[in-house]
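Note sheet for the following structure.
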Amino acid sequence: MTELQRDLPRITLGVLLIVGMIAASFWILRPFLPAAIWATMIVVSTWPLLLWVQARLWNKRALAVIVMSFALLMVFVMPLGLAVTAIVENAERFANWLQSIASFTLPPPPAWLERIPIFGSPAARLWTHEGATGFEGLSAKVQPYAGIVTRWFLGQIGGLGVTFVQFLLTVVFAAIMYAAGESGAAGIIRFGRRLAGEQGEASVRLAGQAIRGVAMGVVLTAIAQSGLGGLGLAICGVPFAVILTAVMFILCIAQMGPGLVLAAAVIWTYWSGDKVGGTVLLAWSLIVATFDNFMRPMLIKRGADLPLLLIFVGVVGGLLAFGLIGLFVGPVLLAVAYTLLQAWVAEEYPSAG
């Protein structure tokens, strides 16, 4: 007991030193953690695809890594670059739309509006009144907020630039993990076994299944659904199709679906007078909006069985914690924690007898 008391300061200082070193290491690596976590998710979920590509490239890992890295650039970096370019190139067009609000006048109310019982006549009178008065004074009211809107817009452009750099780091980290995936996986499994024996190794494997479940059931479905929706927008001539596709992708990740963007695009197409294009886009939108009901359950069964509420909370929390990349990192972290907690709760302890 006396010897333990003598060693207590040394043990306490040793623990504090280790904790300080770990905290300092995380502080240094903090800017790279979102990209590293995301790259880990991508590599774990696409590892079978890497092996498939490697088998068809004369079993050369270097060639397979190059192909996979190029594919990641095409999937993640290029769409973001196109979106930023579209926003910058059309900034003046956005400003002109804002200025045109002041001179906008409502057309006369349609004849069928007044024939609606109870509220038809008041609605028609209100429509006529607003059409006669127009938007006088709106420009003066909007003017004080012009500077705020401009600063906000420039801030969003800067945020997209940071996200672009994070995407590039993600591709670089993913390429490194692809090249040395087997040794990295073996090291993580040894670390889990060192911490908790067989349970630790099983936890590492369950975490991999949770990552693959999120990627297969959520991300892949969002990519397919937003891609099909964007294809329909581009074919029907809807402006800013790239930006709208990015918005649909974010909404699909958040489990809200592309219906909001597609509905607005259909209304705009009909409003612009293109009835054929509007009808085609409406039919295509119905197919795209219900596409996830078939694809997501089929894919998620190949990974982990995850509740949609957990995915939604992970998306929102990840977005607030990590920014745009948190859309992917958040649900993955919660899915891993949920899967490990389920395995721990279901674990049976040996009887005392």
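The values are calculated or read from the model by the stated rules, or taken from the named source; none is laboratory data. Note that the structure is a prediction, hence the values are computed from the model and not measured. Note that each Cβ is placed from the backbone with ideal geometry, even for glycine, and that neighbours are counted across all protein chains shown. Calculation scope for accessible area: heavy atoms of the full protein, side chains included, ligands and nucleic acids excluded. Shrake-Rupley method; radii C 1.70, N 1.55, O 1.52, S 1.80 Å.
Here are the numbers for the structure shown:
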quantity	calculated
Apportionment of accessible area to carbon and sulfur, the stretch 26-76, percent (1.4 Å)	80 percent
Accessible surface ranking that places the most exposed of S69, S183, S25 first, with a 1.4 angstrom probe	S183, S25, S69
Extended-chain gain in nm, criterion 0.36 nm per residue less alpha-carbon gap, I22 and L231	70.5 nm
Ranking by accessible area, most exposed first, for V19, V276 with a 1.4 Å probe	V276, V19
Rounded accessible area of Y270 (nearest 10 Å², 1.4 Å probe)	90 Å²
Interchain or long-range residues, amide H under 5 Å from Q255's placed H	none
Accessible area in square angstrom per residue, the stretch 223-301, 1.4 angstrom probe	51 Å²
Most to least accessible of E114, E198, E182 (protein chains only, probe 1.4 Å)	E198, E114, E182
Gyration tensor verdict on the stretch 220-259 (Cα atoms; rounded if a/c is under 1.5, prolate if a/b is larger than b/c, oblate otherwise)	prolate
Sulfur and carbon atoms: percent of accessible area, the stretch 165-258 [1.4 Å]	73 percent
Label point 7 Å beyond Cα of A283 along Cβ direction - residues of the stretch 207-235 with amide nitrogen under 16 Å	232-233, 235
Distance between modelled label sites at I189 and S272, nm, 7 Å Cα→Cβ extension	5.5 nm
